[in-house]
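Readers should treat all values here as calculations from the given coordinates under stated rules, not as data from a laboratory. Every value quoted in this text rests on a predicted model; they were computed, and no experiment measured them. Positions of Cβ are generated from backbone atoms using ideal geometry, with glycine treated the same way; all protein chains shown enter the neighbour counts.
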Amino acid sequence: MNRKPLLIDLVIIGTRNRLKADNAQNYLGAIWWLLEPCLVMLVYYAVFGLLLQLRSPDFTAILLVGVMTWQWISRCISSGTNSLLTNPGIISTYNVNYMLFPLISLATETTRSICVFFVLMLLLVMLGTEPTLKWLWYPLVLVCALLVIVGITLCLALLLPFIPDTLYIINVALMALMFGSGIFYSLDNIPETLHQYFLLNPIATIIHEARTVLIHGENPSFLRLSCLAGFGTLFIVIANYLHRKLEHHYFHLAVAQ
């Protein structure tokens, strides 16, 4: 007897097809997944490291972790929040769980970034950072970060079709987060009295804990990671509630487009 595909099955199939399509469209294929963040990092290094002379002994390592982590987060949020608006044809034709679209976008960007994170660790070793057993905590940091990204993205994606102009606000907010989350600087560059307020920003906490593990070779703050996981789980629960309340309206919105 054929069973009805579960949401996770559809996400896996959709992610696989998206990755194949992207590889077919790009001449460099999967190589571009690794090349793009490296090129972005070089641009930021030229601006902040060479032009503005914002260098410290471990500036390159700090910049690597910050930029490559931010690239993953921003790409997930950007593509995921817009996913319902870019698929009106499917929404108006098929009766599906509408969280499928942002989840496919999130899974696609995360799959690409897994390769980037391996390259990140290789580059850190090439820069002289000594790998330690503390690096084994890095996947835990990424999992807690993923919960936050999924929760925020699902909520935004489900609300955006009703207020599409909010997309402009999201883009501005992402730009503000880029400069306000410590991507180009570390916690040491901020007055100690402001540390607790700075780390209220979940993106800043993610980047800080990643640097703690990879650059400083120390245990992450399990309290902060627990807060991240709780924050993300709360927003996932809210997203499920929003989906149940709003799912009957998406078809009409898609037809209206």
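Each label point was placed 7 Å from the Cα along the Cα-to-Cβ direction; for Val96 and Met126 their separation is 3.8 nm. Run the paramagnetic zone check for Cys38: 7 angstrom along Cα to Cβ, then residues of the range 121-153 with backbone nitrogen under 15 Å. Inside the label zone: 121-127. Both the radius of gyration and Dmax for the range 100-191 are 16.6, 50 Å, in that order, over alpha-carbon atoms. Taking Cβ atoms as reference points and 14 Å as the exclusive limit, the residues near Thr69 contribute a net charge of +1, counting Lys and Arg as +1 and Asp and Glu as -1. Taking other Cβ atoms within 10 Å as a rough exposure proxy, Phe117, Phe231 sort from fewest to most as Phe231, Phe117.
The modelled label-to-label distance between Asn17 and Met175, using points 7 Å beyond Cα along the C-beta direction, is 3.5 nm.
Taking other Cβ atoms within 10 Å as a rough exposure proxy, Cys76, Cys38 sort from fewest to most as Cys38, Cys76.
Each residue in Leu7, Leu147, Leu85 was given a count of other beta-carbon atoms within 10 angstrom of its own, and listing them fewest first yields Leu7, Leu85, Leu147.
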